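Throughout, read-outs are computed from the coordinates displayed, never taken from laboratory work. Remember, predicted model here, so these are calculated numbers, not experimental data. Backbone-built Cβ (ideal geometry, glycine too); neighbour counts: all protein chains shown.
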Amino acid sequence: MGRLAALAPGSLEETEVLAALLAGARVCLDRRAMEYRRYRRTAPAGIYRRCLSLERRLREMGVCVVGTSGR
């Protein structure tokens, strides 16, 4: 999530997602792919906020997270 949000893909899959976004394609992720959410109650607040920030950046880039209320 972080590498993609920083426009620095580290895998073939991340490269494909970035290429799709640059081509204007709609990219959707299942909300369960956002694994950090499982640790909301136990993660240090700063780390959790950073993850939220990275997710927000992905949404700003055009990534759609399926299974959320749109927030």
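Looking at region 1-26, I want the residues that are within 20 Å of Arg56 (Cβ to Cβ) and have a partner that is among the hydroxyl-bearing types (Ser, Thr, Tyr) with Cβ atoms under 6 Å, at least 6 apart or on another chain. Which pairs are those?
Within 6 Å, the pairs are Pro9/Thr15.
Taking the options Ala25, Ala20, Ala43, name whichever one is in a loop (DSSP other than H, G, I, E, B) and surrounded by 14 or more Cβ atoms within 10 Å (Cβ to Cβ).
Ala43
Considering region 25-55 alone, what residues qualify as being of a type in the set (D, E, K, R) and either within 15 Å of the chain's Cα centre (by Cα) or under 20 Å from Thr15 (Cβ atoms) (or both)?
Hits for region 25-55 are Arg26, Asp30, Arg31, Arg32, Glu35, Arg37, Arg38, Arg49, Arg50, Glu55.
Which of the residues spanning region 28-40 are farther than 18 Å from Val66 by Cβ and either surrounded by fewer than 12 Cβ atoms within 10 Å (Cβ to Cβ) or touching a Pro at 6+ places or on another chain (Cβ under 9 Å) (or both)?
Answer for region 28-40, where residues must be farther than 18 Å from Val66 by Cβ and either surrounded by fewer than 12 Cβ atoms within 10 Å (Cβ to Cβ) or touching a Pro at 6+ places or on another chain (Cβ under 9 Å) (or both): just Arg40.
Out of region 1-17, which residues are within 20 Å of Val66 (Cα to Cα) and either exposed (fewer than 11 other Cβ atoms within 10 Å of the Cβ) or not acidic (Asp, Glu) (or both)?
Met1, Gly2, Leu4, Ala5, Glu13, Val17
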